[in-house]
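Taking it in order: structure first as structure tokens, then the write-up.
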Amino acid sequence: MPPATATVPWPPSALSDETGQDHFTQCPCLEALRRSLMKEIHDSHPGNITRQRAFTKRMQETMNQYHNGLLTSAQTMDILVEFAREVSADRARATELGLTEDELAFYDAVAANPSALQMGDDILRQIARHLHRLVSEDVTVDWRIKDQARDRIRAKVQFLLNFYGYPPDKAPDAVDRVLKQTEVKAEEWS
């Protein structure tokens with residue numbers, strides 16, 4: 001007589017509800033899709049930390065809903081696949097806006113504020129181009145270390161935002177985003 005083998009159903013019935021939804025189990029295909037999507041986010045927007053953070057946050061919110069039992073595996077898979085399509089389609093955004101990838105990174109940094117979007121794409125593109133030129137010319141090898149160099153760039157960015165009429169209540173956040181974006185790009189430029 002052959003030895004008895006134990007089989008564990010997937011998903012384990014102890015973790016499924018009456019409808020068979022596997023709210024509390026980890027689906028290997030979802031984890032693979034999540035990893036693939038993270039790679040696509042970083043590959044499609046290299047050096048654009050504002051866009052990477054926004055996409056990563058949206059993906060994490062979906063995964064949190066899944067882990068909290070608010071979404072089934074199938075629903076989560078559908079959302080992530082649609083999200084992957086959106087990330088992939090977003091690769092052409094720089095060309096559509098008439099910007100380089102570096103300028104797009106600064107565009108996203110200043111456009112992250114919803115009230116700034118009321119300024120219009122044309123003005124935001126002008127700000128992005130001007131920011132890119134200003135910051136890339138002023139970044140030195142040791143700018144992150146020296147407070148004086150960092151403060152000089154901060155003052156120039158603040159002046160530029162004021163010059164274009166950027167909403168003053170959101171300008172400090174935009175300046176911080178631009179400086180963080182500059183940190184990412186600084187090694188390429190110096």
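List of remarks:
- Of the residues making up the stretch 154-168, those that are within 25 Å of Asp122 (Cβ to Cβ) and touching a residue at least 12 places away in the same chain (Cβ under 8 Å) are Lys156, Val157, Gln158, Leu160, Leu161, Tyr164, Gly165, Tyr166, Pro167.
- Residue match in the stretch 64-72 (condition: assigned to a loop (DSSP other than H, G, I, E, B) and out of contact with any helix residue (DSSP H, G or I) (no Cβ under 9 Å at 6 or more places or on another chain)): yes
- Some residue of the stretch 4-22 being of a type in the set (A, V, I, L, M), modelled with pLDDT under 90 and not in a loop (DSSP other than H, G, I, E, B): yes
Conditions tested, residue by residue: (1) in contact (Cβ under 8 Å) with a residue 40 or more places away in the chain; (2) β-branched (Val, Ile, Thr); (3) assigned by TED's automatic domain parsing to the domain that holds Arg51.
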site: Ser73; (1), (2), (3): yes, no, yes
site: Val81; (1), (2), (3): yes, yes, yes
site: Leu104; (1), (2), (3): yes, no, no
site: Val110; (1), (2), (3): yes, yes, no
site: Leu117; (1), (2), (3): no, no, no
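- Enumeration of residues in the stretch 62-100 that are surrounded by fewer than 12 Cβ atoms within 10 Å (Cβ to Cβ), charged (D, E, K, R) and more than 17 Å from the chain's Cα centre (by Cα): Glu96
- Selection status of Arg144, surrounded by fewer than 18 Cβ atoms within 10 Å (Cβ to Cβ), charged (D, E, K, R), modelled with pLDDT under 90 and not in a helix (DSSP H, G or I): yes
- Checking each residue in the stretch 74-87 for being closer than 21 Å to Lys39 by Cβ and either in contact with a strand residue (DSSP E or B) (Cβ under 8 Å, 6 or more places away or on another chain) or not β-branched (Val, Ile, Thr) (or both) picks out Met77, Asp78, Leu80, Glu82, Phe83, Ala84, Arg85, Glu86.
- Restricting attention to the stretch 26-49, the residues that are within 14 Å of Arg91 (Cα to Cα) and either within 11 Å of the chain's Cα centre (by Cα) or of a type outside the set (Lys, Arg) (or both) add up to 10.
- Residue check for Ser136: in contact (Cβ under 8 Å) with a residue 12 or more places away in the chain, surrounded by 15 or more Cβ atoms within 10 Å (Cβ to Cβ) and hydroxyl-bearing (Ser, Thr, Tyr): yes
- Between Arg129, Arg51, the distinction of being part of a helix (DSSP H, G or I) and surrounded by fewer than 18 Cβ atoms within 10 Å (Cβ to Cβ) belongs to Arg129 only.
- Restricting attention to the stretch 158-172, the residues being surrounded by 15 or more Cβ atoms within 10 Å (Cβ to Cβ) and at pLDDT 90 or above number 4.
The values are calculated or read from the model by the stated rules, or taken from the named source; none is laboratory data. Every value quoted in this text rests on a predicted model; they were computed, and no experiment measured them. Positions of Cβ are backbone-derived with ideal geometry, glycine not excepted, and every protein chain shown enters the neighbour counts.
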